[in-house]
1. Which one of these is within 16 Å of T23 (Cα to Cα) and in contact with a strand residue (DSSP E or B) (Cβ under 8 Å, 6 or more places away or on another chain): R54, R59?
2. Pull out all pairs, ordered by first then second residue, where Cβ-Cβ is under 9 Å, the residues are six or more apart or on different chains, the first lies in the stretch 38-59 and is of a type in the set (F, W, Y), and the second is open to solvent by 70 Å² or more (accessible area, probe 1.4 Å).
3. Given the conditions (1) more than 13 Å from the chain's Cα centre (by Cα); (2) closer than 11 Å to K7 by Cβ, and given that L41 satisfies all but one, which numbered condition is not satisfied?
4. Can you confirm whether K58 is assigned to a loop (DSSP other than H, G, I, E, B) and either open to solvent by 80 Å² or more (accessible area, probe 1.4 Å) or within 21 Å of S86 (Cα to Cα) (or both)?
5. Identify, please: which residue in the stretch 8-24 is outside any strand (DSSP E or B) and touching a strand residue (DSSP E or B) at 6+ places or on another chain (Cβ under 7 Å) and is, among those, surrounded by the most Cβ atoms within 10 Å (Cβ to Cβ)?
Amino acid sequence: MSRLIEKKIDVLYFDQILTGDKTFELRLADWVCEPGDTLLLREVDGSTKEYTGREVRKRVGSVLKTKDVTFFEDQDIDKYGYQIISLLMEEKE
């Protein structure tokens, strides 16, 4: 059964999600999130920490938790870290 999960999101990222430029979300995995759930992202002003009144709902697709990722060597992770890559549809020429 899917859930509605409410989370705060900074102004900086809210517009990027609205335009479709940001198609991923990086969060601390201290809560349960599964494919099919809906994230209700409520915009928060970073300086005042107050809600702006804007919100958007997004359906959760794939969820990857980094503790489950075992195909990198620890020394490589320490040296380079991770990068999260957003995959978009390729534009037709």
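The values are calculated or read from the model by the stated rules, or taken from the named source; none is laboratory data. None of the values given here were measured: they were computed from a predicted structure. Backbone-built Cβ (ideal geometry, glycine too); neighbour counts: all protein chains shown. Surface accessibility is based on the protein's heavy atoms, side chains included, excluding ligands, DNA and RNA. Shrake-Rupley method; radii C 1.70, N 1.55, O 1.52, S 1.80 Å.
1. Answer to the selection: R59.
2. Within 9 Å, the pairs are Y51/K8.
3. Only one criterion in (1) more than 13 Å from the chain's Cα centre (by Cα); (2) closer than 11 Å to K7 by Cβ is unmet by L41, namely (1).
4. no
5. Filtering the stretch 8-24 for residues that are outside any strand (DSSP E or B) and touching a strand residue (DSSP E or B) at 6+ places or on another chain (Cβ under 7 Å), the one surrounded by the most Cβ atoms within 10 Å (Cβ to Cβ) comes out as F14.
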